[in-house]
Amino acid sequence: MQSQQRLLVVLAHPDDESFLCGGTIAKMSERGVQITLLCATKGEMGRRMGNPIVTTREALPELRVEELKRACEELGISDLRFLNVRDKTIEFESFDLLAERIVKVIREVQPDALITFHEKYGGHPDHCAIGRAAAFAFLNSGDPDFYPDPLFPAIKVHSLYFVLWHAFYDEWLKENGPGSVTEVNIAGTLKKKIRALRSHRSQTLAVPELWTNQNPSLPFLKESEYFIKGNSLPNLEETDFFKRLKGWDDI
C-alpha cells in the first residue's frame, strides 16, 4: 500500500497550473505530497509570444513546454505528462478516447485526490472540455469493466476538486453557497506561485506588474485559492485536500 499521498492535476494548457492553483500545488508539495500534472496541450495556439516578442509561432510549443518544466520545478511538481491534444481543439476530440486516456493515468498514478476544471465554470472551451472528461474519468476509474487494462487495475480516487477562478467566485457562491467551496491559504507559498508564473515568460511578460513589483497586487495573486468540492459533503469545512484521509491539522 502506498504511504505517500498523491495528487493528480488535470488541466488544459501550460500556465493553467500556476495561475489557478500554483500556491496550493506548492503547499501540497511542501507537505510531502507527490504531484502529477497532466497537461492536455502544449499551448501552441496561445495569443502571446512575449512582450517584446521572444519566439515565433512555430517555436512556441517547444518554448511553452520548457517554461512549464521550469514552473513545475518551482511548484514541486515531480511528474509532468502531456496528452498532446492540439491547443483549442479539446472540445472536438473523441470524448470516450480522452476519458480513457485520463483513466489510464489515474490508474497508473493512483492519486488520493484529483483537481481539474469545472465543465461549466472553466472560462475557456478547452478548460471545460478537459474538465468534463477528467470528471468522467474520476467517476469511472474504479469500475473494472470500464476500459479494462491488465497493467493498471481499477482504482477509486477519494476526492475530486474543481479550480475556481476568481472571476467566477461570486457567481458560484451566489448559486451554491460557501459550503460548496474549499479555501486553501497560500500565503506561505505565494512567492513560489509568482516565480512559477514568471517561468511562463512568453505569457506573463504582458503583465508588467508581475515583473516590476516585488509584491504584485493582482486579482489572481491573493493569499487564498478556491476549489469547488466535486464529491465531498457540502457542509464539511475543509482547508486541506487530504485532511480527511490522514487527519492533518488545518493549514
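Scanning segment 144-160 for residues that are among the hydrophobic types (A, V, I, L, M, F, W, C) and not in a strand (DSSP E or B), which turns out farthest from residue 104 (Cα to Cα)? So the residue we want is 157.
Would you point out which residue out of 107, 201, 195 is open to solvent by less than 60 Å² (accessible area, probe 1.4 Å) and basic (Lys, Arg)? Outline the logic, then answer.
Details: 201 fails: open to solvent by less than 60 Å² (accessible area, probe 1.4 Å); 195 fails: open to solvent by less than 60 Å² (accessible area, probe 1.4 Å).
When all the criteria are applied, what remains is 107.
Please tell me if residue 212 is hydroxyl-bearing (Ser, Thr, Tyr) and within 24 Å of residue 122 (Cα to Cα).
Working: hydroxyl-bearing (Ser, Thr, Tyr): yes; within 24 Å of residue 122 (Cα to Cα): no.
Against the criterion (hydroxyl-bearing (Ser, Thr, Tyr) and within 24 Å of residue 122 (Cα to Cα)), residue 212 does not qualify.
Within segment 126-153, residues that are over 30 Å from residue 46 (Cβ atoms) sit with their Cβ atoms under 6 Å from residues that are among the basic types (Lys, Arg) and open to solvent by 60 Å² or more (accessible area, probe 1.4 Å), at 6+ positions apart or across chains, in these pairs: 142/156. Filtered by the rule that a residue be part of a loop (DSSP other than H, G, I, E, B) and either among the aliphatic types (A, V, I, L, M) or under 11 Å from residue 26 (Cα atoms) (or both), segment 171-221 gives 186, 205, 206, 207, 218, 221. Residue pairs whose Cβ atoms lie under 7 Å apart, sitting 6 or more positions apart in sequence or on different chains, and linking a residue in segment 54-76 that is touching a residue at least 60 places away in the same chain (Cβ under 8 Å) to a partner that is assigned to a helix (DSSP H, G or I) and among the basic types (Lys, Arg), are 54/201; 67/201; 74/192; 74/195; 75/192. Just to be sure before I move on: is residue 98 open to solvent by less than 70 Å² (accessible area, probe 1.4 Å), under 19 Å from residue 229 (Cβ atoms) and at pLDDT 95 or above in the structure I sent? Considered against the rule, which asks whether it is open to solvent by less than 70 Å² (accessible area, probe 1.4 Å), under 19 Å from residue 229 (Cβ atoms) and at pLDDT 95 or above, residue 98 comes out as no.
State whether one or more residues within segment 40-49 are touching a residue at least 12 places away in the same chain (Cβ under 8 Å), over 16 Å from residue 160 (Cβ atoms), hydroxyl-bearing (Ser, Thr, Tyr) and in contact with a Leu (Cβ under 9 Å, 6 or more places away or on another chain).
Yes: one or more hits.
Whether a residue is in a helix (DSSP H, G or I), over 21 Å from residue 137 (Cβ atoms), open to solvent by less than 20 Å² (accessible area, probe 1.4 Å) and basic (Lys, Arg) was assessed, and residue 70 does not pass this test.
The values are calculated or read from the model by the stated rules, or taken from the named source; none is laboratory data. Keep in mind it's a predicted model, so treat the numbers as computed, not measured. As a convention, Cβ positions derive from the backbone with ideal geometry for all residues, glycine included, and neighbour counts pool all protein chains shown. Each accessible area value is taken on the protein alone, full model and side chains, heavy atoms only, with ligands, DNA and RNA left out. Shrake-Rupley method; radii C 1.70, N 1.55, O 1.52, S 1.80 Å.
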